[in-house]
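Each value in this text was obtained by applying a stated rule to the coordinates, not by laboratory testing. Everything quoted here is computed from the prediction, not taken from an experiment. Positions of Cβ are generated from backbone atoms using ideal geometry, with glycine treated the same way; all protein chains shown enter the neighbour counts.
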Amino acid sequence: MLATDLRRALDPATFARECLGFETLDPWQEGCLRWSGRRLLLNCARQTGKSTMASVLALHTAIYRPGSLVLLVSPSLRQSGELFRKVTDLADRLEERPALVEESRLSFKMKHGSRVVSLPSSEGTIRGFSGATLIVEDEAARVPDDLYFSVRPMLAVSGGRLILMSTPFGKRGHFHNEWTCGQNWERLQVKAAECPRITAEFLAEERASMGEWWYTQEYECAFVETEDTVFSFDLIVEALSGEVRPLFGG
């Protein structure tokens, strides 16, 4: 029994299969669950399962890292509730659910001290937390930049891990910046066509219905220009030069 539990503690993919009922995992899901780094970007099409995999990691961290703090950040209160519900639903699948000493609509604390807290996108509400073991930012392309920059210092002392996961939402914001030029990130991209649970017939219908701009963003993980853009992002970047003295600000 001890050896079995040790194997589950060391391998979240084994934990997902044996404890949570995920009989088959896509290759990218295996990679996500077995990720051992500190910074992970998930650029995934809609309905590919990114929130579920992040919830597995959140629950696994809380169970097997006593005293850990797991923060789930989302753009809105509704989305925060949905992501937290995924974690609690997974906990309900366990043969023996962890004993809780505190539980509310958006947080719980386990008997061994681990906490999972889900927060809506408000820079003011998140500043009170520190020493995070794992931070998951859901729909990161729609989370304000000021919140993202408030989150990062929480990992300075703890050496905790950070996951940004999202479907793209234009060439803007911290998710786009980190995906295109951020350093020290591991990156996973999952297009809808790569997900065995999404049929080609459904995608063909979506492309015809949504149009190319929405389809490439929602299902092909593309960072596309906003429809009302006058100058493209790439054109603006090409116009910048470090050799030109600025007129204002030094």
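If you split all Cα-Cα distances of the chain into 10 Å bins from zero, what percentages do you get per bin, shortest first?
7, 28, 34, 21, 8, 3, 0
In Å and from the alpha-carbon atoms only, list the Rg and Dmax of segment 69-173.
14.0, 45
Once all Cα-Cα distances of segment 153-205 are split into 5 Å bins that start at 0, what whole-number percent is in each one?
Per 5 Å bin, starting at zero, the Cα-Cα P(r) for segment 153-205 comes out as 4, 14, 19, 18, 16, 13, 8, 4, 3, 1 percent.
Could you state the angle between the C-alpha long axis of helix 50-64 and the longest principal axis of the C-alpha atoms of the chain, as a value from 0 to 90 degrees rounded to the nearest 10?
For 50-64 against the chain, the angle is about 40 degrees.
Which residue fluctuates the most in the chain, going by a Gaussian network model with Cα springs under 10 Å, if the choices are Leu94, Leu155, Leu106?
Leu94
So which aspartates and glutamates can Lys111 reach, going by Cα to Cα under 15 Å and dropping same-chain residues fewer than 8 places off?
Partners within reach: Glu96, Glu102, Glu103.
Share of antiparallel DSSP beta bridges in the chain, in percent to the nearest 5?
Antiparallel bridges: around 20 percent, rounded to the nearest 5.
Helix 77-93: angle to the longest alpha-carbon principal axis of the chain, degrees 0 to 90, nearest 10?
Once rounded, one gets 30 degrees.
Using the alpha carbon gyration tensor of segment 1-127, what are the three equivalent-ellipsoid semi-axes (square root of 5 times each eigenvalue), largest first, in whole Å?
Values for segment 1-127, descending: 22, 19, 13 Å.
Can you tell me the 0 to 90 degree angle between the C-alpha axis of helix 200-210 and the longest principal axis of the chain, rounded to 10?
50
For Ser36 and Arg152, what does the FRET efficiency come to when R0 = 25 Å and r is the distance between their Cβ atoms, rounded to the nearest 0.05? Walk me through the numbers before you get to the answer.
Numbers: r = 20 Å, r/R0 = 0.80.
Result of the calculation: an efficiency of 0.80.
Give me, ordered by chain and number, the residues 5 or more places off Leu69 or on other chains with an amide H under 5 Å from its own placed amide H.
The answer is Arg115, Thr133, Leu134.
Per DSSP H run of n ≥ 4, the term is -39500 (n - 2.57); total these for the chain, divide by its residue number, and report the mean residue ellipticity at 222 nm rounded to 500 deg cm²/dmol.
Working: 11 runs with 103 residues, N = 250.
Taken over the chain, the calculation gives -12000 deg cm²/dmol.
Between Gln47 and Glu225, take the C-beta separation as r, use R0 = 35 Å, and let me know the FRET efficiency to the nearest 0.05.
0.90
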